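*Asks:* Mind looking over this structure? Questions follow.
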Amino acid sequence: MTTHPDFSENIIEEPFANALSERYLAYAMSTIMSRSLPDVRDGLKPVHRRLLYAMRLLKLDPKTGYKKCARVVGDVIGKYHPHGDQSVYDAMVRLAQDFAVRFPLVDGQGNFGNIDGDNAAAMRYTEARLTEVAAVLMEGLEEDAVDFRETYDGEDSEPIVFPGCFPNLLANGSSGIAVGMATNIPPHNAGELIDGLQLLIEARRDPARDVTVRDLMERIPGPDFPTGGQVVENRETIEHAYETGRGAMRVRARWEREDLSHGQYQIVITEIPYQVQKSKLIEKIAELIGDKKIPILTDVRDESTEDIRVVLEPKNRSVDEKVLMESLFRMTELETRFSLNMNVIAYDGRPRVLSLKEVLDSFLDHQIDVLLRRSRYRLEKIERRLEILSGYLIAYLNLDEVIRIIREEDDAKASLMSTFKLTDNQAEAILNMRLRALRKLEEMEIRTEHSKLEDEKSKLNALIASDALQWIAVGDKLSEIKEKFGPETVLGKRRTRFGDAPTAEIVPIEAMIEKEAITVLCSKRGWIRALKGHAKPEEEQKYKEGDEERFRFHAYTTDKLFLFATNGKMYTLGADKLPGGRGNGEPVRLMVDMDANDEIVSLLPYQPGGKLFVASSLGKGFVTEADQAVAMKKGGKQLLNVKGDTVATHCVAVDGDSVAVIGDNRKLLVFALEEVPTLARGQGVALQRYKDGGMADVTIFHKEEGLTWPMGGNSDRWRTEADLAPWTGKRGNAGRLPPMGFPRSNKFSG
């Protein structure tokens, strides 16, 4: 019978919430500390640090040959980083992409992907080695500059942090998502960072001097992205982001105009924002062109080789290139927003958000610590060597006796130590000397080396004892780094420029549409269409059977049209959205939300800055600003309030100084336009007083030109009455019968 072990003694009872929270917290801390956030000292995450360290042990120095990436990845996951090989390879690929990191740490050979978003080749095909930047970053690892810890299996050791004097955190930036926190640090220019560090070193040497973020920004104006582009954010916004460690800044593509023959031109995009895939960007622009959302742009071409060259073709030469680009910036990733979040593992080992000054100060503190550790390590080496050299010199001074002891004594080592007061190391070194080292020339070389080491020892002791000398040493080292990777070099030259922050002005619709002449036609039943060109008045147009023309006027595709309905609402139509002249058009009710009982009162072009006169069947009306009457939605905008049987009856453009109104009772009244108030919405004021019926018609005219109306009948003659004194009065009066010959329809327009 099989017996099972009793595990009851190992069962620990604990509330589920406590057990879950404890384990989740452990997972969260592991993600934060060992995966997602970079260290403020070297700017690396563990996977990157382990990658570079493994490559160093494989002797993949910048001046040696390449090795297969699969070999590197194998060493990394086997010795240091027990995770998936693909994730490690992806991290390696990113460190080699010059469009992803500002100062690549891996020198790749083969297909490592491109800015279009294509993936790198498999690791068995690609090769890699370290770059000069990576070599500088690991300089001093063998000199006890930093602490090491055991690897995950305890069989080897790895550095906790790199000691190098290269400001990698800000130079290459970093991004990552942990548990409950994230980081997103943009790349910067290494030469400018070193200038800022030198400023802080000057302040460290002079305690009375205080350096602010504003002072640092005189030397570090902002990010320097590997893909260039242009930062279009004001200085105050960038400064606030650097002071708090959090903020955002807009980055735009760089472009230029190329003039062609016959006055034509094209726009060439030479740099795109950081982390934007060029292929997807071009697809988006092409989609906008296909959907006719940017009608002033006709084509986009990718003519890129090693350098980016995306060509945009405008509709015609009259298109304003700045307007075109502003619209593209709003609709595509030609403008992006980089969210800065400098959340790192701080110098004390805790994750937190640091300001620009705090990041640079932490880096300097690390460099002082590295300098002292390397100095003490070197001092220890010198002490050991001086001990040996002192023993050699004693041997040369007593060479015959030393030889005798070695030849005759049974325990030569003990005899040497007792005879000449030597240490164990000195006696061992003498016994291990070769015969040819007993030359006189060798003695001179030993004395010279001894003297040099004594000088170096005194300098190191002085360095360790003096803060001022330490800052000088760090400053000199930074100057060497700047010579290697500063603005005078191809790698260190600034790529990203700064521009003025764009205004919040909305690109006018007129700028987005090619201006073409049209003739707008609308029938009595509300079918609307637009003919190309300005049709002549005598040209007859076809309508549906039983329908006829009601509105006809000339306009342009860039115009907006006002449609005023009996419900007192103003609707706005885009002239470019009207159906073409073929056929009978489309019902206007499909374009705006009008009820079935509502009828069109007026249809006219919108004139920016103009005024409109609206009135109802009740004989009330007012003047309104045309700009305020524009409706942004299909539901329209309520202008004239109507109740019961009252309906809106008139909407005319204000072009004159006088108002003429006639009622159903055939009474005419003329008064000054200034007596009518300007309102945004309402019932308006009484224009004319009626006993029976309501208002028949109203018109606006210039008094000095007189009031004009058609003669009636089949003639096309019009009559103008200049003497309007008998009908002129105050607004709201009853009026008098019109002059002889006034149309029986009581209409000023026939």
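The values are calculated or read from the model by the stated rules, or taken from the named source; none is laboratory data. None of these values were measured; they are calculated from a predicted model. Reconstructed Cβ throughout: ideal geometry from the backbone, glycine too, with neighbour counts over all protein chains shown.
*Asks:* Name the single residue that is nearest to Glu158 (Cα to Cα) among those in the range 36-55 being surrounded by fewer than 24 Cβ atoms within 10 Å (Cβ to Cβ) and of a type in the set (D, E, K, R).
*Replies:* So the residue we want is Arg50.
*Asks:* Could you tell me whether Asp627 is within 26 Å of Leu563 (Cβ to Cβ) and either among the acidic types (Asp, Glu) or crowded, with 18+ Cβ neighbours inside 10 Å (or both)?
*Replies:* When the stated conditions are applied, Asp627 passes them.
*Asks:* Look through the range 443-472, keep the residues that are small (Gly, Ala, Ser) and over 20 Å from Lys381 (Cα atoms), and return whichever of them is nearest to the chain's Cα centre (by Cα).
*Replies:* Across the range 443-472, the extreme among qualifying residues is Ala468.
*Asks:* Where in the range 117-197 are the strands (runs of 3 or more DSSP E), entirely inside, with at least 1 residues that are in contact (Cβ under 8 Å) with a residue 24 or more places away in the chain, within 33 Å of the chain's Cα centre (by Cα) and under 22 Å from Gly78 (Cα atoms)? So that I can check it myself, show each step before the final result.
*Replies:* Working: elements: 127-130, 148-150, 157-159, 174-177, 182-185.
Strands (runs of 3 or more DSSP E) meeting the threshold: 127-130.
*Asks:* Show the residue pairs meeting these rules: Cβ distance below 7 Å; 6+ apart or different chains; first residue within the range 352-365 and under 14 Å from Asn168 (Cα atoms); second residue buried (at least 20 other Cβ atoms within 10 Å of the Cβ) and of a type in the set (Lys, Arg).
*Replies:* If the second residue must be buried (at least 20 other Cβ atoms within 10 Å of the Cβ) and of a type in the set (Lys, Arg), the pairs left are Ser362/Arg41; Phe363/Arg41.
*Asks:* Evaluate the range 599-609: report whether one residue or more is of a type in the set (Val, Ile, Thr), part of a strand (DSSP E or B) and surrounded by 18 or more Cβ atoms within 10 Å (Cβ to Cβ).
*Replies:* Scanning the range 599-609, I find at least one residue that is of a type in the set (Val, Ile, Thr), part of a strand (DSSP E or B) and surrounded by 18 or more Cβ atoms within 10 Å (Cβ to Cβ), so the answer is yes.
*Asks:* Which one is nearest to the chain's Cα centre (by Cα), of the residues in the range 8-45 that are assigned to a helix (DSSP H, G or I) and among the basic types (Lys, Arg)?
*Replies:* Only one residue tops the list, namely Arg35.
*Asks:* Among the helices (runs of 4 or more DSSP H) contained in the range 398-451, which hold 3 or more residues that are under 18 Å from Arg384 (Cβ atoms)?
*Replies:* By residue number, 424-431.
*Asks:* Tally time: how many residues in the range 548-585 are touching a Phe, Trp or Tyr at 6+ places or on another chain (Cβ under 7 Å) and not small (Gly, Ala, Ser)?
*Replies:* 9
*Asks:* Please find, among Leu105, Leu60, the residue that is more than 32 Å from the chain's Cα centre (by Cα) and either at pLDDT below 95 or at negative phi (or both).
*Replies:* Being more than 32 Å from the chain's Cα centre (by Cα) and either at pLDDT below 95 or at negative phi (or both) holds for just one of Leu105, Leu60, which is Leu60.
*Asks:* May I pose another question? Which of the residues that make up the range 698-750 are surrounded by 11 or more Cβ atoms within 10 Å (Cβ to Cβ), charged (D, E, K, R) and touching a helix residue (DSSP H, G or I) at 6+ places or on another chain (Cβ under 9 Å)?
*Replies:* Those that are surrounded by 11 or more Cβ atoms within 10 Å (Cβ to Cβ), charged (D, E, K, R) and touching a helix residue (DSSP H, G or I) at 6+ places or on another chain (Cβ under 9 Å): Glu721, Arg731, Arg736.
*Asks:* While we're looking at this one, here's another question. Given the structure, is Lys45 in contact (Cβ under 8 Å) with a residue 60 or more places away in the chain, of a type outside the set (Phe, Trp, Tyr) and either touching a strand residue (DSSP E or B) at 6+ places or on another chain (Cβ under 7 Å) or in the same structural domain as Ala96 (by TED's automatic domain parsing) (or both)?
*Replies:* So Lys45 fits the description; yes.
*Asks:* Same structure again: Kindly provide the set of residues from the range 218-242 that are surrounded by fewer than 18 Cβ atoms within 10 Å (Cβ to Cβ), part of a helix (DSSP H, G or I) and either at pLDDT 95 or above or not basic (Lys, Arg) (or both), ordered by number.
*Replies:* Correct list: Glu236, Thr237, His240.
*Asks:* Within the range 139-153, is even one residue at positive phi, modelled with pLDDT under 95 and in the same structural domain as Lys79 (by TED's automatic domain parsing)?
*Replies:* yes
*Asks:* Any chance you could count how many residues in the range 383-393 are buried (at least 17 other Cβ atoms within 10 Å of the Cβ) and in contact with a Lys or Arg (Cβ under 9 Å, 6 or more places away or on another chain)?
*Replies:* 1
*Asks:* With crowded, with 18+ Cβ neighbours inside 10 Å, modelled with pLDDT of 90 or more and outside any helix (DSSP H, G or I) as the only criterion, which of Glu333, Glu256, Glu313 stands out? Reasoning before the result, please.
*Replies:* On the way: Glu256 fails: crowded, with 18+ Cβ neighbours inside 10 Å; Glu313 fails: crowded, with 18+ Cβ neighbours inside 10 Å.
Sole residue among the options that is crowded, with 18+ Cβ neighbours inside 10 Å, modelled with pLDDT of 90 or more and outside any helix (DSSP H, G or I): Glu333.
*Asks:* Please note which strands (runs of 3 or more DSSP E) are completely contained in the range 635-750 and include at least 3 residues that are under 22 Å from Gly610 (Cα atoms).
*Replies:* Correct list: 648-653, 658-663, 695-701.
Each row is one residue, and each column tells you yes or no for (1) in contact with a Phe, Trp or Tyr (Cβ under 9 Å, 6 or more places away or on another chain); (2) of a type in the set (D, E, K, R); (3) over 26 Å from Ser87 (Cα atoms).
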position: Ser175; (1), (2), (3): no, no, no
position: Thr183; (1), (2), (3): no, no, no
position: Ile201; (1), (2), (3): yes, no, yes
position: Arg205; (1), (2), (3): yes, yes, yes
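*Asks:* Hey, another quick one. Of the numbered conditions (1) part of a helix (DSSP H, G or I); (2) over 26 Å from Gln275 (Cα atoms); (3) not hydroxyl-bearing (Ser, Thr, Tyr), His48 satisfies every one except a single condition; which is it?
*Replies:* For His48, the failing item is (2).
*Asks:* I've got another one for you. Suppose we filter the range 124-139 for residues that are within 18 Å of Lys482 (Cα to Cα) and not hydroxyl-bearing (Ser, Thr, Tyr); how many remain?
*Replies:* Qualifying residue count for the region: 8.
*Asks:* Please tell me if Phe564 is in a strand (DSSP E or B), out of contact with any Pro (no Cβ under 8 Å at 6 or more places or on another chain) and either at positive phi or in the same structural domain as Glu675 (by TED's automatic domain parsing) (or both).
*Replies:* So Phe564 does not fit the description; no.
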